[in-house]
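The values are calculated or read from the model by the stated rules, or taken from the named source; none is laboratory data. Remember, it's a predicted structure, so these values are computed and weren't measured experimentally. Using ideal geometry, Cβ is built from the backbone for each residue, glycine included, and neighbour counts are taken over all protein chains shown. Note: accessible area is taken over every heavy atom of the protein model, side chains too, but ligands, DNA and RNA are not part of it. Shrake-Rupley method; radii C 1.70, N 1.55, O 1.52, S 1.80 Å.
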Amino acid sequence: TSAEQETAVAQARDDWDTVIDQILDASAIDGDPDLETAILRASVERDRGDLDGASEVLDAYLEQIRGAPAYPESVITCSGFLFRAQRSQQALSLLQAAVSSQSEMREIDAASGTRYFRLGQSDKAIEPLGAAAKASDDPATHARWAEALARAGRYDEAQAAIDTLPGTNVEYSRAMLRALVARGRTEALMAQGLQRQAQDELARYRASLN
């Protein structure tokens, strides 16, 4: 009957929850052997609605490998997990606490700047993205830095960053970023009632495309 089927399904769910609890308890005692296992266990906690539990799993794993070569990248991965789980401030705090562990490539700064950028906080994204862009030749980080500068209204600095965008096959990215700068400058001039200057800015941008 329908009632019996519902009872059987409920019992199966209870049995499964019991098995999961046993696995999680055993993992908590032994510690997670690698990042993938820690993320998997944190995902289980998240899916059960326990984000605090997921955070504890990640914190425990990171403490376990603190000082290891893999620590910075593990912090970035765990921060990404928390960010996607709508715990943006916790994700940022995790990165900020690990800044001293990053390599000369400034990978923690790149991740921090990217998190701020995705939150729409371009002004806060500029400094860490700039540090990471100057320390590496990563076109994506450099382009994100230039875009953050443009969105923060720092057009001259944005243009300078665009002009030094590293890599090959980046002309499309440069063109899109220059369009963003030109639009920002034009809108700023229009907002000040400087329509003639705004038209001149737009004309200069169009001429640069030829």
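Condition test on Leu40, is it within 29 Å of Arg154 (Cα to Cα) and either without any contact (Cβ under 8 Å) to a residue 24 or more places away in the chain or in contact with a Pro (Cβ under 9 Å, 6 or more places away or on another chain) (or both)? If you could, list the steps in order and put the result at the bottom.
Working: within 29 Å of Arg154 (Cα to Cα): no; either without any contact (Cβ under 8 Å) to a residue 24 or more places away in the chain or in contact with a Pro (Cβ under 9 Å, 6 or more places away or on another chain) (or both): yes.
Criteria not met by Leu40.
For residues in region 146-180 being at pLDDT below 90 and of a type in the set (S, T, N, Q), which is most open to solvent (accessible area, probe 1.4 Å)?
Among them, the one singled out is Asn169.
Here are some conditions: (1) open to solvent by less than 90 Å² (accessible area, probe 1.4 Å); (2) in contact (Cβ under 8 Å) with a residue 12 or more places away in the chain. Leu194 meets all but one. Which one does it not meet?
Answer for Leu194: the failing condition is (2).
Out of Ala132, Ala91, Ala143, I need the residue that is touching a helix residue (DSSP H, G or I) at 6+ places or on another chain (Cβ under 6 Å), farther than 30 Å from Ala38 by Cβ and at pLDDT 95 or above. Which one?
Working: Ala132 fails: farther than 30 Å from Ala38 by Cβ; Ala91 fails: farther than 30 Å from Ala38 by Cβ.
Only one candidate qualifies: Ala143.
If you check every pair at least six apart or on different chains, which have Cβ atoms under 7 Å apart with a residue in region 97-124 that is closer than 15 Å to Asp137 by Cα and part of a loop (DSSP other than H, G, I, E, B) first and a residue that is modelled with pLDDT of 95 or more and open to solvent by less than 20 Å² (accessible area, probe 1.4 Å) second?
Note: pairs meeting the criteria are Ser103/Pro72; Arg106/Ala132.
Among the residues of region 20-47, which ones are in a loop (DSSP other than H, G, I, E, B) and modelled with pLDDT of 90 or more?
Let us first name the residues in region 20-47 that are in a loop (DSSP other than H, G, I, E, B), namely 31-34.
Correct list: Asp34 only.
Pick out the one residue from Arg106, Arg87 that is surrounded by 13 or more Cβ atoms within 10 Å (Cβ to Cβ) and in contact with a Leu (Cβ under 8 Å, 6 or more places away or on another chain). Walk me through how you get there before you give the answer.
Numbers: Arg106 fails: in contact with a Leu (Cβ under 8 Å, 6 or more places away or on another chain).
Just one listed residue meets the conditions, Arg87.
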